[in-house]
Structures are given as C-alpha cells and as structure tokens.
Amino acid sequence: MMNVKHPTIKKQVFDFIIRNGLVSKVDLMARLTITSTSLSRLLEELLNDGLLLASELGRSTGGRKPILYRVNPEHRAVFGLEISRFTSSIGLYDLNLKPLAFERWQMDDQMTPERLLNKITILAETMMSDCQIDREKVIGIGIGAVGPLSREEGIMLQPRNFPAKGWSNVPICDWLEQRLGLPALLDNGANTAIIGEHWALRNEEVNHMVYMHAGVGLRTSMISSGQIVRGAVDMEGSFGQMIIQTDGPRLGDEGNYGALEALVSIPALEKKIRSQLKLGRTSSLSDIPPEEIQFDALRRAFLQKDALVTEQFLQTATYLGIGIANLINILHPEAIILGGPLVNVHKTIYETVIQVAKSNIYYSPAYEPKFSQGQLTEDAVTAGAAIMLLQDWELS
C-alpha cells in the first residue's frame, strides 16, 4: 500500500499546475514559498522528466511574454475504483483526469469479493491494453469503498448490506497490488466523492463543503479549508445514525432506533412499501409478491407516477431534507452536494429534499449554502479515488 507523505516543494509545484491548468512562473512565485532560482530548477526538472509541457506564451505586461506551463497528460495514467453495494465502477484516467476508459456494473448476490477481484483485474488489464498504456506508466489504483474500513491497512472491515456474502475483513489493497502489480490506496467512497467534486469546483475555490450519498445507506463526508475532515473513528455512516424520531423504527438488528437511515435508505424504502402492499394498498406493483420487490421496480413505478410509490418516495425525501438541515445547522458549509440512487431517481426527489432542508436552516436567509447534485454525479467516487491517489503520489 502507498504511504502518505508530506508533499515536497517539487510536488507542490506539480500539484499547483495540475489544479490550475496553464500557469506562469509568476503565478507559482505568488503562491509558493520558494526562490526564483529554485523554482526555475524545479520547472526544468519537471520538463525533463516529461511531467510538464512548456505551452504557448502568456500575455506580456511590458517585457518578454512569460512561458506558460501545463501538465503533460500522456506522461502517466491512474486508475480509480468504486466499490459500492448498489453499483461499482473502474476508470482509467490521464494526468488531466480525463477518463480514457470507464466501466460500471451492478452488484448482485453473486458478486463476492473474489468475483469482484477477478472482474477488476480483467477490466484493468483490458483498459491498459486498449489504451496502449504500459503498466510502468500507471501510478496506481485509488479505491473508494463502503465503510467501515481501515485506510491505513487497506482493509474493508464490516460493511453491511452487500448483496453477496464474504464482505468482511477484505484486504482489498493487498489483493489488487498482488493481481495488478500496482500500488493501491483505500478510502471511504464518500471521501473520494467529495475529493472529486471539490476538484471539479476548484475554480470556484469552495473551502467548506459537505457531500451526502443516499443509497443502500447514508454516507457523508466533509472538506474544511480544502482538507478532508477525519474523526477518531470512521465517520462515513455516522450521519445515518442521527436520531430524528425517538420512538421510530430500527433498520435490521443494528443501529439506533429512529435513526435517519431507518427512514431514508433503499432498504428502508423497500421495507415501507412492502408493508403497505401487505396491508392491501393498491399499486402497479400489486401483482408482485411484496418480498420480491426491489429498488429497480420502485424506481420504475415512481417514473410511471404510481400513487403509493410516489407518496413513499416523497416522504423519504422529506425525512432526508430534515436530516440535512440538522447537518447544515451544525457544520455551516458553503456547499452541499447530494448524490446516490435515492436522490437521483428524479428531479422531484432532489427538489423536495432541498426545499425541506432550506426551510429548516436556522440562519436563513442570511446564510444560504449552495445545493447541487455535483459536477461528476455518479462518477464522483471513481474519479475522486483517482485524484486521491494522484494527490498522494510522490514525485521522484
């Protein structure tokens, strides 16, 4: 597994250029603590290494036109991988984080860790071959996965609600390093998603941001002053355990009674609609045995304007809006990005969540954070995993 190190000044120069596109030496001098002579030497090294290209001349301010530097996108490549309970995906990216190849697939009850490992190996090898990229040019593979996990040890610990068996204490980094011969780095999918979205918004300089993913569970992450906020323990699923109904239901045999996740998640929604159907409520799903009803059927029924399903989806969106308002009232972020299959079913769901959240923000209207579904949407985890690994990559 990769060791996370404090970036050298050479890496800081490279990272600044990769984030800002075309950059002059003056731009770098204004942002970094470095002498002009040292910066010239580092830029020359990066050019000789093939990591940078000297691009077109910039606008003159009276003297010679400055040289502009940019990253050479073809010099190296990096993999990003998402491992989730609903879908998973892998992408191969160049140094500008442009996807060269991408594949997404459903996670079913046959997708054990061993089967997933085989699939990832085949896809990665195929992508490198099809894109004509030598293994030596690939920096490594960043992984955004469902928690809880050990980032330091590269292990997925005890994630709940995977359709297949065997998802317990999975040493995913070691396995992938052995199969692919590439360094691997693991973090929560919510963290890699917010890394990706923060990257996509880099020109807007958003310092404080919250990401929330609503799917099989509720997953959250936060960036403050440009850095991931990490607690003493894995925080990814903590938002879902916020109690909003003291005498409310419990999801399965774990977690708090009346927790948000017991009211807002795919399993919770499936459970509520199955219960209503057993009570005799009419629906376009009435011909399906209640216990066989899955989220895909609920999504189709919502899009077909089924009254029962619409009612339950909107109730779920209302609870989610309340939960997000509670989060906003504690953290006061500048921006909130909402993702996941529950929110992405239809714009009506997203708009309901936002409307309820906004109506319960304590300092409104003086304080009005920006809401969005993000720039990268469902690809945020995968792209963010690649960016995470690129950020931790040590230049020689």
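The values are calculated or read from the model by the stated rules, or taken from the named source; none is laboratory data. Predicted model only: the values in this text are computed from it and were never measured. Positions of Cβ are generated from backbone atoms using ideal geometry, with glycine treated the same way; all protein chains shown enter the neighbour counts.
Considering only the range 352-369, I want to know if a residue exists there that is in contact (Cβ under 8 Å) with a residue 40 or more places away in the chain and either buried (at least 16 other Cβ atoms within 10 Å of the Cβ) or not in a loop (DSSP other than H, G, I, E, B) (or both). Checked against the condition, which is being in contact (Cβ under 8 Å) with a residue 40 or more places away in the chain and either buried (at least 16 other Cβ atoms within 10 Å of the Cβ) or not in a loop (DSSP other than H, G, I, E, B) (or both), the range 352-369 yields at least one hit. How many residues does the range 207-237 hold that are over 11 Å from ALA380 (Cβ atoms), touching a helix residue (DSSP H, G or I) at 6+ places or on another chain (Cβ under 7 Å) and either at pLDDT 80 or above or outside any loop (DSSP other than H, G, I, E, B) (or both)? Counting residues in the range 207-237 that are over 11 Å from ALA380 (Cβ atoms), touching a helix residue (DSSP H, G or I) at 6+ places or on another chain (Cβ under 7 Å) and either at pLDDT 80 or above or outside any loop (DSSP other than H, G, I, E, B) (or both) gives 13. Only one entry in LEU176, LEU186 is part of a strand (DSSP E or B), touching a helix residue (DSSP H, G or I) at 6+ places or on another chain (Cβ under 8 Å) and modelled with pLDDT of 95 or more, namely LEU186. Go through the range 94-146 residue by residue and tally those that are part of a loop (DSSP other than H, G, I, E, B), over 20 Å from the mean Cα position of the chain (by Cα) and either in the same structural domain as ASP15 (by TED's automatic domain parsing) or under 30 Å from GLN375 (Cβ atoms) (or both). Within the range 94-146, residues that are part of a loop (DSSP other than H, G, I, E, B), over 20 Å from the mean Cα position of the chain (by Cα) and either in the same structural domain as ASP15 (by TED's automatic domain parsing) or under 30 Å from GLN375 (Cβ atoms) (or both) number 5.
Residue by residue, here is whether (1) surrounded by fewer than 18 Cβ atoms within 10 Å (Cβ to Cβ); (2) more than 19 Å from PHE86 (Cβ to Cβ) holds:
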site: THR246; (1), (2): yes, yes
site: GLY252; (1), (2): yes, no
site: LEU260; (1), (2): no, no
site: ILE266; (1), (2): no, no
site: GLU270; (1), (2): no, no
site: ILE273; (1), (2): no, no
site: LEU277; (1), (2): no, yes
site: ARG281; (1), (2): yes, yes
site: SER286; (1), (2): yes, yes
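Scan the range 108-116 and tell me whether some residue there is of a type in the set (Val, Ile, Thr), in contact (Cβ under 8 Å) with a residue 60 or more places away in the chain and out of contact with any His (no Cβ under 6 Å at 6 or more places or on another chain). Within the range 108-116 (the criterion being of a type in the set (Val, Ile, Thr), in contact (Cβ under 8 Å) with a residue 60 or more places away in the chain and out of contact with any His (no Cβ under 6 Å at 6 or more places or on another chain)), the answer is no, since none of the residues qualifies. The set of residues in the range 238-280 that are among the hydroxyl-bearing types (Ser, Thr, Tyr) and modelled with pLDDT under 85 comprises SER238, THR246.
If you go through the range 101-127 and keep only what is farther than 15 Å from LEU182 by Cα and crowded, with 16+ Cβ neighbours inside 10 Å, you end up with ALA101, PHE102, GLU103, MET107, MET111, THR112, PRO113, LEU116. Taking the numbered list (1) touching a residue at least 24 places away in the same chain (Cβ under 8 Å); (2) surrounded by 15 or more Cβ atoms within 10 Å (Cβ to Cβ) in turn, HIS332 passes all entries but (2).
If you go through the range 7-34 and keep only what is hydroxyl-bearing (Ser, Thr, Tyr) and touching a helix residue (DSSP H, G or I) at 6+ places or on another chain (Cβ under 9 Å), you end up with just THR33. Just one of the listed residues (LEU338, LEU314) is part of a helix (DSSP H, G or I), of a type in the set (A, V, I, L, M) and under 17 Å from VAL264 (Cα atoms), and it is LEU314. Sub-7 Å Cβ pairs linking a first residue in the range 211-236 that is over 29 Å from ILE349 (Cα atoms) to a second residue that is of a type outside the set (Lys, Arg) and at pLDDT 85 or above, at least 6 apart or interchain, are SER225/ASN207; GLY226/ASN207, ordered by first then second residue.
Here the range 193-219 is the region considered, the condition is being more than 15 Å from LEU338 (Cα to Cα) and charged (D, E, K, R), and the residue that is surrounded by the most Cβ atoms within 10 Å (Cβ to Cβ) is ARG202.
Evaluated against (1) among the polar types (S, T, N, Q); (2) at pLDDT below 90; (3) part of a helix (DSSP H, G or I), ASN48 falls short on exactly one condition, (2).
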